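The values are calculated or read from the model by the stated rules, or taken from the named source; none is laboratory data. From a predicted model like this one, the values you see are computed outputs, not experimental measurements. Quick reminder, even Gly has a Cβ in these numbers, built from the backbone with ideal geometry, and neighbours come from all protein chains shown.
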Amino acid sequence: MVKQMPIANDIKKYAVELVASTRNKKDLIEYGASPRASIALIMAGKAKALMSGRKYVSKDDINSMALPVLRHRIIPSFEAERQNMTEDDIILKLLKK
């Protein structure tokens, strides 16, 4: 059911760009999430929308699933650890952009 749920191209692009941004933030992230994380984030967003009774995925669905999907897929840099930043802190910073 979740796999068949449609997703707008702009929402899909947003999820892919969010995951890609974990690989471009070298000052805070030593190793970013792989491209497969995009698939997981999109599927989680679809599941969230479905559980909310909607037949479409919103940007809010993607944002709300970013922490549980991405937190174990990134490795903070030494600089992030020096600043006592957690994986969640880093992801929240990416979401604010």
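Scanning segment 11-61 for residues that are aromatic (F, W, Y) and out of contact with any strand residue (DSSP E or B) (no Cβ under 8 Å at 6 or more places or on another chain), we see that the one that is surrounded by the fewest Cβ atoms within 10 Å (Cβ to Cβ) is Y56. For segment 24-50, a residue qualifies if it is modelled with pLDDT under 95 and part of a helix (DSSP H, G or I), and exactly one does: N24. Taking the numbered list (1) under 19 Å from M1 (Cβ atoms); (2) under 11 Å from the mean Cα position of the chain (by Cα); (3) surrounded by 15 or more Cβ atoms within 10 Å (Cβ to Cβ) in turn, I74 passes all entries but (1).
One residue alone among D60, D89, D27 is without any contact (Cβ under 8 Å) to a residue 24 or more places away in the chain, of a type in the set (D, E) and farther than 16 Å from I7 by Cβ, and that residue is D89. Quick check on my filter: what residues within segment 44-56 are closer than 19 Å to S21 by Cβ and among the aliphatic types (A, V, I, L, M)? Across segment 44-56, the qualifying residue is only A44. Considered as a group, the residues in segment 2-22 that are of a type in the set (G, A, S) and not in a loop (DSSP other than H, G, I, E, B) include one that is nearest to M43 (Cα to Cα), and that residue is A15. Every test in (1) touching a Leu at 6+ places or on another chain (Cβ under 7 Å); (2) of a type outside the set (F, W, Y); (3) more than 30 Å from E81 (Cβ to Cβ) is passed by A49 save one, and that test is (1).
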